[in-house]
Amino acid sequence: MTSTACFIIVSRNDIPIYEAEVGSAAKHRSMQREDAAQLHQFVLHAALDIVQDLAWTTSAMFLKAIDRFNDLVVSVYVTAGHILYICGTDLHVHNI
């Protein structure tokens, strides 16, 4: 079973600072895998709207499982300076 994680750091102005895809599935690229990588990026960027709503309504800095799409679960860590560390992982990683 392959697993992958997508990681994005976003500035307070919603500008991506860093993007990475890690895991065993990220090493074996194919055309289908490229499409999956783009889908993961799209899901993580779409979660920004949810994060903006939640960040101002809770005092928690770690927002666990704020969004799910198929087998991808999105979690976010919000810093005091409103820098976002967004991580998308496969669902089976959360079930371990």
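The values are calculated or read from the model by the stated rules, or taken from the named source; none is laboratory data. Remember, it's a predicted structure, so these values are computed and weren't measured experimentally. Here the Cβ positions follow ideal geometry from the backbone for every residue, glycine too, while neighbour counts run over all protein chains shown. Each accessible area value is taken on the protein alone, full model and side chains, heavy atoms only, with ligands, DNA and RNA left out. Shrake-Rupley method; radii C 1.70, N 1.55, O 1.52, S 1.80 Å.
Quick notes
- Model label points for residue 45 and residue 87, set 7 angstrom from Cα along the Cα-to-Cβ axis, are 2.3 nm apart.
- Calculated from backbone phi, Karplus (6.51, -1.76, 1.60) coupling profile of the stretch 79-85 in Hz, x at Gly/Pro: 7, 4, x, 6, 8, 9, 10
- The largest accessible area among 50, 9, 86, 17 belongs to the first residue in 17, 50, 9, 86, and the rest follow in falling order (1.4 Å probe, all chains).
- Here residue 77 sits with roughly 90 square angstrom of accessible surface, probe radius 1.4 Å.
- Annotation for residue 22 and residue 7: the two label points, set 7 Å from Cα along the Cα-Cβ direction, are 0.3 nm apart.
- Cβ-Cβ FRET estimate between residue 60 and residue 38, R0 fixed at 30 Å, reported to 0.05: 0.50
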